[in-house]
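Asks: Below are the structure tokens for one structure; questions will follow.
The values are calculated or read from the model by the stated rules, or taken from the named source; none is laboratory data. Note that the structure is a prediction, hence the values are computed from the model and not measured. A quick note on method: Cβ atoms are made from the backbone with ideal geometry, for glycine too, and the neighbour counts reach across all protein chains shown.
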Amino acid sequence: KVDGKTIAGPTAVTTLHSSGNSELFTYSGSWGSGKHDLEIDFINDRYGGSPAKDRNLYVDQVKYDGVSYLTHTDPLYSNGAIHIAIGG
């Protein structure tokens, strides 16, 4: 979501964090100038009874207009959201 408005439906992530690989997702839109609130929601958590079956989401990088906005990985270990200030 950008500024509380949904910009895309749920997106499946298939890469395992333990592989060391990442997946790239690109979204486009016109949100105007200034700062914006980017919300990334994790809606499909699962533990599965052991750490090997645990499902988490790791956000490694966010770029907006070519500018990087994360200095470290933001993990989501349960359903929830992270908010990142972008633009401006």
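Asks: Could you run through the stretch 12-39 and say how many residues are outside any loop (DSSP other than H, G, I, E, B) and at pLDDT below 95?
Replies: Result for the stretch 12-39: 3.
Asks: Name the residues in the stretch 50-79 that are assigned to a strand (DSSP E or B) and either of a type in the set (Gly, Ala, Ser) or in contact with a Pro (Cβ under 8 Å, 6 or more places away or on another chain) (or both), would you?
Replies: Of everything in the stretch 50-79, those that are assigned to a strand (DSSP E or B) and either of a type in the set (Gly, Ala, Ser) or in contact with a Pro (Cβ under 8 Å, 6 or more places away or on another chain) (or both) turn out to be Leu57, Tyr58, Val59, Ser68.
Asks: Here is a follow-up. Go through Gly48, Gly4, Gly9, Gly80 for me and flag whichever is modelled with pLDDT under 95 and at positive phi.
Replies: Gly48
Asks: Could you check, for the stretch 17-24, whether at least one of its residues is within 18 Å of Ile84 (Cα to Cα) and either over 15 Å from the mean Cα position of the chain (by Cα) or surrounded by 10 or more Cβ atoms within 10 Å (Cβ to Cβ) (or both)?
Replies: The answer is no, given that none of the residues of the stretch 17-24 is within 18 Å of Ile84 (Cα to Cα) and either over 15 Å from the mean Cα position of the chain (by Cα) or surrounded by 10 or more Cβ atoms within 10 Å (Cβ to Cβ) (or both).
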